[in-house]
Each structure stands twice: as structure tokens, then as C-alpha cells.
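I have placed the structure first, in the form of C-alpha cells, so that the comments after it can refer back to it.
The values are calculated or read from the model by the stated rules, or taken from the named source; none is laboratory data. Just so we're clear, the structure is a prediction, and the values are computed from it rather than from any experiment. Neighbour counts are summed over all protein chains in view; Cβ atoms, including those assigned to glycine, are modelled from backbone coordinates with ideal geometry.
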Amino acid sequence: MNKIKVTMRFSANDITIPVTYHLVKDYDLMVNILNADISLNKIGTLVADLAGEQENIEQGLEFIRGLGVDVRIFNKNIIWEADKCIHCGACTAVCPSGALVMDKTDWSLTFDREKCLICGLCVKACPINVMNITDNGE
């Protein structure tokens, strides 16, 4: 089973299409919605993990693109150098997904890669540069 993270940007006219339904039913994909900002008659954004057979993922992405939806596949990773981190929490203030949080028992930073949207805000916020963004495979 393969898994990718994607951002889908919908035009105001496209948000009424049940995209996730079709991805699950027609392409046998597991869809894990990580973040959604979709409103009627406005541009919408959906960030999700898609998991399934590679051929089904490709067909599902082709379906979405065929609807006129702009699809971006995440091809970067956030690298956290935990051993160099001073656990100041500056990154937690800008993390929109809650992937970076302070553990309230010992005030240490925790990073949940599954929740990460790879927006790069933490990289900019880190005062000692222990958060970095890199291409997959590097």
C-alpha cells in the first residue's frame, strides 16, 4: 500500500462535487483529511493523505485533475533536529495543524509528522534553525 499527501484547491464552482466519496468508492482509496477550508461559493482547500494501490492513487488524482481541481503532491519533508532543539516552543505558535506541540508534563517539544502540512512556518519561526525543509529522498 502506498501513501501520499496532497493539497487540493477547488474553485468556487467545484466545491459541490463529492470528491472524497468518489476517491473512496470508485478508486478504493483511504482518505485521511488533515485540514480543510471549504466554504460555499468560495475557493476551497483540502489537505489529505491518500492511501491505496499506486495505480488507484494515480487514477484518483487523474479524476480530481479532470474536474479542474488543482492538485499539489507534497514532495518535501520537515526535518527536526531533536538533539539540537532547546524546546523553546516558538514553532508551536505558528503550526496550523498542531503537529508541533509542547508536552505539558515535561515541557518538551513533540513533532507528529502525520499531522504536518509541510507549510514551512516552523522553519521560519525556529530561532536556532533546527527545523528544516527538504525534498523527499534527501
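Observations on the model:
- The residues of the range 97-119 that are under 20 Å from the mean Cα position of the chain (by Cα), over 16 Å from Val6 (Cα atoms) and outside any strand (DSSP E or B), listed by number, are Gly98, Ala99, Asp112.
- Hits in the range 11-33 (condition: at pLDDT below 85 and surrounded by 13 or more Cβ atoms within 10 Å (Cβ to Cβ)): Ser11, Asp14, Ile15, Ile17
- Members of the range 79-96 found to be in a helix (DSSP H, G or I) and within 20 Å of the chain's Cα centre (by Cα), listed by number: Cys91, Thr92, Ala93
- Of all residues in the range 120-130 being in contact with a strand residue (DSSP E or B) (Cβ under 8 Å, 6 or more places away or on another chain) and in a loop (DSSP other than H, G, I, E, B), the one that is surrounded by the fewest Cβ atoms within 10 Å (Cβ to Cβ): Gly120
- Unmet requirement for Val6, which otherwise passes all of (1) under 25 Å from Met131 (Cα atoms); (2) assigned to a loop (DSSP other than H, G, I, E, B): (2)
- Identity of the residue in the range 79-116, hydrophobic (A, V, I, L, M, F, W, C) and in contact with a Ser or Thr (Cβ under 8 Å, 6 or more places away or on another chain), that ends up nearest to Val19 (Cα to Cα): Cys116
- One residue stands out among those in the range 50-67 that are among the small types (Gly, Ala, Ser) and surrounded by 12 or more Cβ atoms within 10 Å (Cβ to Cβ): the one that is farthest from Val31 (Cα to Cα), which is Gly60.
- Picking from residues in the range 68-78 that are of a type outside the set (Lys, Arg) and surrounded by fewer than 14 Cβ atoms within 10 Å (Cβ to Cβ), the one that is nearest to Ser11 (Cα to Cα) is Gly68.
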